[in-house]
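Here the structure is laid out as structure tokens; the discussion comes afterwards.
Taken together, the values in this text are just the output of simple stated rules run on the coordinates, not laboratory data. The structure displayed is predicted, hence computed values, not measured ones. Methodologically, a virtual Cβ is constructed for each residue, glycine included, from the backbone with ideal geometry; neighbour enumeration extends over all protein chains shown.
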Amino acid sequence: MSSPAPPASAAGADSGPGGHAVWLVLLAAAGAYALTMGVRQAMGLYLSSLNTATGLGIASVSLAFAFGQLWWGLTQPFAGAVADRIGAGRVVFAGVVLVVVGTVITPWMTTTWGLILAIGVLGAGGSGMAGPSVLMAASTRLVPPGLRGMATGIVNAGGSFGQFAMAPIAIGLTASMGWAASMQWLGLLVLLGLPAAWVLKGNARALAAAAASGGVALTLRQALGQALATPSYNLLAIGFLVCGFHVAFLATHLPGVIESCGMPPAVAGWALALIGLFNIVGSLLMGWAVGRWRMKSLLSLLYAVRGLAVLAFLLAPKTPVVILAFAAVMGVTFLSTVPPTAGLVAKMFGPANMAMLFGVLLLAHQVGGFFGAYLGGEVFQATGSYDGVWYIDMALAAGAALVHLPIREAPPLHCLAPA
């Protein structure tokens, strides 16, 4: 059995004259991702303040952030499966509301379990529901196959722009009104993502049109079983796990790394902002590149560059210029892995169950994210340095660069080629 992709007529059913609604969908998806990802990535700026206010210790606070990494991933397959069946709009609406609630109540939490609930369950879970598996799949269904890579690049760039914009906003709000009010106002900004839920509510119609076209769609269990029986899909999961380790460690602990070098918080804020800014460039370039070069080769290149950049950073003197240059290089590779990874899922299995299948990969990504966030705090508390985690990160990057080479980009032999 195979999962038929929506035909061109179905894919464009919601596009309207001139296809202007397709761009509206892309802007809505990118905007929602900018808000949820931006707030989520800015939370690392509050780690030190949370530690001081609660007195729980860096390791305990890091545990809440690490749980958030894992929970964000756990929501992806389930949110994706629901969106694959009923459309993305309702899922995005619920996600935005949960992000707002979790972020607003975080300053009132004084225990580890309270922080896990606010940051790890509500905030991270909501961000996962209004996250890449749902938003990218919604966008992918409404564009021609040749533009899917660019669509995922645009949505991914939205998340990068959110990180670029939210970090300076968080720093400015903290300077003017304190960290607690700053975090709460940042959470309320996510309410601006609610209109995206209305724009994306029609995506279920494209799926329904595909189902009515005469093909037989796979059930969720069949689609997942088919993917897990595909070695290339499992190799993608391994590589994405490494990506999660790297991204979570940077997002959670880069401010701490900079603080341990004796630099002011403003340097940390601008470093996170530069990661976001340059990831916009990296995401758009990668969205363009996936239609021109092998996606597995692009992924190998990204992981190799990460490992070399970390090595150069460890050997270089720690100055603001070096920190910001390192942040810029990391930004180009930060989430640029997403367009080729999502593109490979769509190429191998088609778009019908893409949100769920890509969500499973994001779960693997966040398993790595859990260890990146948690080990960062544990290693620093035990040794007073982050160097041990950097060495682990370099070894994992080298392994990820190699593990993508055997991937087959063609549809698996046990299923028909998706349209």
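Observations, loosely collected:
- Rg and Dmax of the stretch 63-149, based on Cα coordinates, read 14.4, 50 Å.
- Secondary-structure-derived ellipticity at 222 nm for the chain, considering helices only, amounts to -25000 deg cm²/dmol, per-run term -39500 (n - 2.57) for DSSP H runs with n ≥ 4.
- Remark: spin-label model distance Leu324-Ala304 equals 3.1 nm, labels positioned 7 Å along the Cα→Cβ axis.
- Residues in the stretch 247-257 carry Karplus couplings, in order, of 5, 5, 4, 5, 5, 8, 10, 4, x, x, 4 Hz; the curve used is 6.51 cos²θ - 1.76 cosθ + 1.60 with θ = phi - 60°, and Gly or Pro positions show x.
- The tail of the calculated P(r) for the chain, taken as Cα-Cα distances beyond 34 Å, holds 25 percent of the pairs.
- Under 20 Å of direct C-alpha separation, and excluding same-chain neighbours fewer than eight residues apart, Lys296 reaches these lysines: Lys347.
- Highest mean first, the peptides 156-165, 269-278, 132-141, 108-117 sorted by other C-beta atoms within 10 Å per residue fall in the order 132-141, 156-165, 269-278, 108-117.
- Net charge of neighbours whose Cβ lies under 12 Å from the Cβ of Ala400, counting Lys and Arg as +1 and Asp and Glu as -1: +1
- Inter-label distance, Trp23 to Leu191: 3.0 nm, where each label sits 7 Å from its Cα along the C-beta direction.
- Temperature 10 °C, viscosity 1.306 mPa s: under these conditions the Stokes-Einstein estimate for the stretch 309-397, based on its Kirkwood radius over C-alpha pairs, is 103 µm² per second.
- In terms of other Cβ atoms within 10 Å, Ile323, Ile238, Ile58 run from fewest to most in the order Ile238, Ile58, Ile323.
- Available extension along the chain between Trp113 and Ala229 is 38.0 nm, counting 0.36 nm per residue and deducting the alpha carbon span.
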